Amino acid sequence: MSAFQGASRAQLAIAAAALVLIAGAGGFGLARLASPSPSPAPAAKIAESKILYWYDPMLPMERYPGPGKSSMNMDLIPKYADNSGQAGVKIDPASLQNLGSRVIEATRGTLPASLTVTGLVDFNQRDVAIIQARSGGFVQRVYDRAPDDLVRAGAPIADLLVPEWGGSQTEYLAVRQTGDAGLIRAARQRLVLIGMPDSLIAQVETSGRPRLVATVSTPRAGVIRSLNVRAGMTVPAGMTLAEINGLETVWINAAVPEALAGRVRTGSAASVSLTAFPGETFNGRVSAILPSTEGETRTLTARIELSNRGARLRPGMFATVRLGEATASALLVPSEAVIRTGERNLVMLALEGGRYQPAEVRTGREAAGKTEILAGLTEGEKVVASGQFLIDSEASLAGVAARPLEHGDMPMGRAQ
């Protein structure tokens, strides 16, 4: 009886062990059905999103083990590991959105006037008349004139009494009575040579009496730049009595920075606008580039000659001058998209998958907020127009090299 009971106990123990094994196997199978093994993709994704450290974009060299504030009391942002092996660096989209980052395509277009500078309206120094005393005498009368007065052509300036003309005129009148044409012609020519104007000679011929007082008048319309005659003064022959500057044309002296002087050529188109005439543009061309440079401002002077109908343009007015015509088709990006390091120029490329890579470019002219790209970029490539400095610091921290120029002398080449 005891032997049978021992055998029964042994069989029960073996049966219990078997049931435990079967239950364990069943549980393992249910676990596999309920929670399948994770795929490799989520594992890679978890690895990719691993936070390496926290940092402040304004102080990228400072690294912190967790979130908080930087030494500048700025919120820290995470730096994620990137094991994708793709070009460029991946930036947290939320950070870019907070910075208001914009992505712009490089497109072809034309630049407006290549250079905008300031200018000053000045007298046309080629349109000057000098009034001098042809003979010595006395100032008998000065008309009501003053410097900076506007005068018309033929306006009187002063009356001069010239005693030495008396004898020559008396001799001329006597010769006229002889009727000898040759003598008369010679005597009249002598009056011209001693400085007597034709109008005064005609008065002598008409009246038959000597006339010793001559009225000095302006040969042209303009403004009196200088007036050196006063009533009662004695004037020698050749003395300058007045200087008249015409106003039919004026000069615009535009100050061109020395660094940009190579963009300006004689004959280049120029458009001038003045605050005195809003919405109005005066068109002309560069007539000369002065040979000297202003030492203090380091500027060259480009001279534009403009017609001045109605004398509206007054010397001394400030002007805005746009030099040059619209360029041919060029590859353009916003000027704010170009990062100028001093040694080279970079743009931040926006790649697929939210990745970014700096690219070296060669720039050309700049105007109206646009910069011409001569090499390093192709039409249709996307660049970051704002917030690119944060991305550049991220790329520097990650050791991402800038895409180099394909060829240093090939225009608009795309580097791979």
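The values are calculated or read from the model by the stated rules, or taken from the named source; none is laboratory data. Predicted, not measured: the structure shown is a model, and the values here were computed from it. With ideal geometry, Cβ positions are generated from the backbone for all residues, glycine too; neighbour counts draw on all protein chains shown.
Take the range 174-183 and flag every residue that is without any contact (Cβ under 8 Å) to a residue 12 or more places away in the chain and among the β-branched types (Val, Ile, Thr). Within the range 174-183, 178 is the sole residue that qualifies. Within the range 184-194, is there a residue that is small (Gly, Ala, Ser), at pLDDT 90 or above and on the phi < 0 side of the Ramachandran plot? Yes: one or more hits. Among residues of the range 167-216 being of a type in the set (Asp, Glu) and farther than 28 Å from residue 241 by Cα, the one that is surrounded by the fewest Cβ atoms within 10 Å (Cβ to Cβ) is 180.
The single residue among 376, 342 that is at positive phi, of a type outside the set (Ser, Thr, Tyr), buried (at least 18 other Cβ atoms within 10 Å of the Cβ) and free of Cβ contacts under 8 Å to residues at least 60 places away in the same chain turns out to be 376. Examine the range 275-287 for a residue that is over 25 Å from residue 368 (Cβ atoms), touching a Phe, Trp or Tyr at 6+ places or on another chain (Cβ under 9 Å) and at pLDDT 90 or above, and state whether such a residue exists. Yes, that holds for at least one residue.
Checking 271, 287, 335 one by one, the residue that is closer than 30 Å to residue 377 by Cα, in contact with a strand residue (DSSP E or B) (Cβ under 8 Å, 6 or more places away or on another chain) and touching a residue at least 12 places away in the same chain (Cβ under 8 Å) is 335 and no other.
If you check residue 225 against the conditions, is it part of a strand (DSSP E or B), in the same structural domain as residue 194 (by TED's automatic domain parsing) and either at pLDDT 90 or above or under 18 Å from the mean Cα position of the chain (by Cα) (or both)? The answer is yes for residue 225. The residues on offer are 108, 190, and the sole one that is among the basic types (Lys, Arg) and in a strand (DSSP E or B) is 108. If I filter the range 248-264 for residues that are of a type outside the set (A, V, I, L, M, F, W, C), more than 30 Å from residue 155 (Cβ to Cβ) and surrounded by 15 or more Cβ atoms within 10 Å (Cβ to Cβ), do I get at least one hit? No, that holds for no residue. Within the range 213-221, can one find any residue that is part of a helix (DSSP H, G or I), at pLDDT 90 or above, of a type in the set (A, V, I, L, M, F, W, C) and touching a Leu at 6+ places or on another chain (Cβ under 9 Å)? No: the range 213-221 contains no residue that is part of a helix (DSSP H, G or I), at pLDDT 90 or above, of a type in the set (A, V, I, L, M, F, W, C) and touching a Leu at 6+ places or on another chain (Cβ under 9 Å). Put simply, of 305, 296 the only residue that is loosely packed, with under 15 Cβ neighbours inside 10 Å and not assigned by TED's automatic domain parsing to the domain that holds residue 215 is 296. Listed by first and then second residue, the pairs linking a residue in the range 63-88 that is on the phi > 0 side of the Ramachandran plot to a residue that is at pLDDT 85 or above and not acidic (Asp, Glu), with Cβ atoms under 6 Å apart and 6 or more places separating them unless they lie on different chains, are 68/76. Counting only strands (runs of 3 or more DSSP E) wholly contained in the range 245-345, the ones carrying 2 or more residues that are of a type in the set (Val, Ile, Thr) occupy 249-257, 282-294, 299-307, 318-323.
Any residue that is in contact (Cβ under 8 Å) with a residue 40 or more places away in the chain, of a type in the set (Val, Ile, Thr) and either assigned by TED's automatic domain parsing to the domain that holds residue 165 or in contact with a helix residue (DSSP H, G or I) (Cβ under 8 Å, 6 or more places away or on another chain) (or both) - is there at least one of those in the range 201-210? So far as the range 201-210 goes, no, none of its residues is in contact (Cβ under 8 Å) with a residue 40 or more places away in the chain, of a type in the set (Val, Ile, Thr) and either assigned by TED's automatic domain parsing to the domain that holds residue 165 or in contact with a helix residue (DSSP H, G or I) (Cβ under 8 Å, 6 or more places away or on another chain) (or both).
For residue 196, the criteria (1) in contact (Cβ under 8 Å) with a residue 40 or more places away in the chain; (2) within 30 Å of residue 305 (Cβ to Cβ); (3) touching a Lys or Arg at 6+ places or on another chain (Cβ under 8 Å) hold in every case but one, which is (2).
Here's the yes/no breakdown for (1) among the aromatic types (Phe, Trp, Tyr); (2) closer than 30 Å to residue 102 by Cα; (3) in contact with a helix residue (DSSP H, G or I) (Cβ under 9 Å, 6 or more places away or on another chain):
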site	(1), (2), (3)
293	no, no, yes
301	no, no, no
316	no, no, no
359	no, yes, no
366	no, yes, yes
